[in-house]
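Each remark here refers to the structure printed beneath this line.
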Amino acid sequence: MKLTQEIDYAFRIVAHLAANEGEVVGAPKIAEVMEIPERFTLRILRKLNLGGLTRSKRGAKGGYSLNRPAESISLYDIILAIDGPIELNNCLHANDPYCNRFDRDGIERCKFHRSICKVQHGIIDELKGMTITDYID
């Protein structure tokens, strides 16, 4: 698992919106202040909107704002909106687990599966415990 540059940018964008909670901030301003290319800022904001973390307002005074209280947005919520669920291995895919050693019903017999699953849940729990308000300057 690797956190991508897109995730890093998303963390910064949401932190900026959280620092300006209740305000509508234009994408060019977010890009400038957070030192993110504007085209990436717009692409990330679209994903954050689709994920329900932000909302957009059109018009001359348009821009973006948080769609939820900042203290309720975890780093995991941001990762989920940008990249989808964290899966350390194919065998941990929620809808269609795969193991070339065991069939779907026997996947729990695999010691690797159980160990990696425990690590994955630990990572997710840690990220869920970190809210964006912990990262506001």
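The values are calculated or read from the model by the stated rules, or taken from the named source; none is laboratory data. This structure is a prediction, so every number in the text was calculated from the model and none was measured. Cβ atoms come from the backbone with ideal geometry, glycine included; neighbour counts cover every protein chain shown. For the accessible areas, the whole protein counts, side chains as well, though only heavy atoms, and no ligand, DNA or RNA atoms are used. Shrake-Rupley method; radii C 1.70, N 1.55, O 1.52, S 1.80 Å.
Suppose we filter the stretch 89-131 for residues that are at pLDDT below 65 and of a type in the set (S, T, N, Q); how many remain?
2
Taking the stretch 6-34 on its own, how many of its residues are open to solvent by 90 Å² or more (accessible area, probe 1.4 Å) and either under 12 Å from the mean Cα position of the chain (by Cα) or free of Cβ contacts under 8 Å to residues at least 12 places away in the same chain (or both)?
Qualifying residue count for the region: 1.
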